[in-house]
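Written out below as structure tokens is the structure these notes cover.
Each value in this text was obtained by applying a stated rule to the coordinates, not by laboratory testing. What you see is a predicted model, and the numbers here were worked out from it, not measured in a lab. Don't worry about glycine lacking a Cβ; one is built from the backbone with ideal geometry, like all the others, and counts go over all protein chains shown.
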Amino acid sequence: MLQNGHLSSIKLLINMKNAAKAFIKNDSLGKYLFILRDDKPDIVDPNCWSLVGGGIEGNETPAEALKREVLEEIGIEVFDLKPIHQMTVKHNLNGKELEVYGHYFLAKTKALLEDVKLSEGQRAAFFTLGEIKSKENLAVALKGILFNYGDILG
């Protein structure tokens, strides 16, 4: 019989997800690219502005996963990836606790808004850090980094 500590550890591993997300900057615009997530009750942070990225699969490194996810979700390429932060974010998804261990990057792109081809989300937009901070509907992780670790973005 498993003791509570062991059972909790097993449950944590089952409900833990590893992800890679990025602050994607276009230097010529001086702005960062964000997506407005779909407004669906069965996803994390519905109808919130978020970083682009997603789950790490198989033996991918966080950087490999990020490049793949950005290409899949918005159809652009990123380069000069710099790891800036790692943290665990707890979400309540349909009454179940989900923990996401996120690898956060600063990445660059030459893409413009017209180059973005959304496969997820309602829309994409470029914002300065000040502009995105003024939004009321920010994803939990984005808000945490912006307001607690914003200085790491330069």
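Would you mind ranking Glu99, Glu114 by Cβ crowding within 10 Å, fewest neighbours first?
Taking fewest neighbouring Cβ atoms as first place, the list is Glu114, Glu99.
Could you work out how far helix 4-15 tilts from the main Cα principal axis of the chain, as a 0 to 90 degree angle to the nearest 10?
Roughly 30 degrees between the two axes.
With charges only on Cβ, +1 for K and R and -1 for D and E, what is the dipole size of the chain about its Cα centre, in debye, rounded to 20?
Its charge dipole is roughly 300 debye.
Projecting each Cα onto the charge dipole of the chain (Lys/Arg +1, Asp/Glu -1 at the beta carbon, about the Cα centre), which of Phe23, Tyr149, Leu33 comes out farthest on the positive side?
Farthest along the dipole direction, towards plus: Tyr149.
Can you work out ³J(HN,Hα) from phi for every residue in the range 51-63, in order, using Karplus 6.51 cos²θ - 1.76 cosθ + 1.60 and θ = phi - 60°, giving whole Hz and x for Gly and Pro?
So the Karplus estimates, Gly and Pro as x, are 6, 8, x, x, x, 8, 10, x, 9, 5, 7, x, 5 Hz.
What does a probe at Lys110 reach in the range 42-76, counting residues whose amide N is under 15 Å from the point 7 Å along Cα→Cβ?
76
Taking θ = phi - 60°, what integer Hz values does the Karplus form 6.51 cos²θ - 1.76 cosθ + 1.60 yield along the range 111-122, in sequence order, with x for Gly and Pro?
5, 9, 4, 5, 7, 6, 10, 5, 10, 9, x, 7
Gain in length, Glu60 to Lys117, computed as 0.36 nm per residue apart minus the alpha-carbon separation, to one decimal in nm?
Computed gain between Glu60 and Lys117 is 18.2 nm.
Placing +1 on the Cβ of each Lys and Arg and -1 on the Cβ of each Asp and Glu in the range 5-146, which of Ala63, Leu98, Ile132 has its Cα farthest towards the positive end of the resulting dipole?
Towards the positive end, the residue furthest out is Ile132.
Can you list residues from other chains, or at least 5 along the same chain, whose modelled amide H is less than 5 Å from the amide H of Lys31?
HN-HN under 5 Å from Lys31: Asn26.
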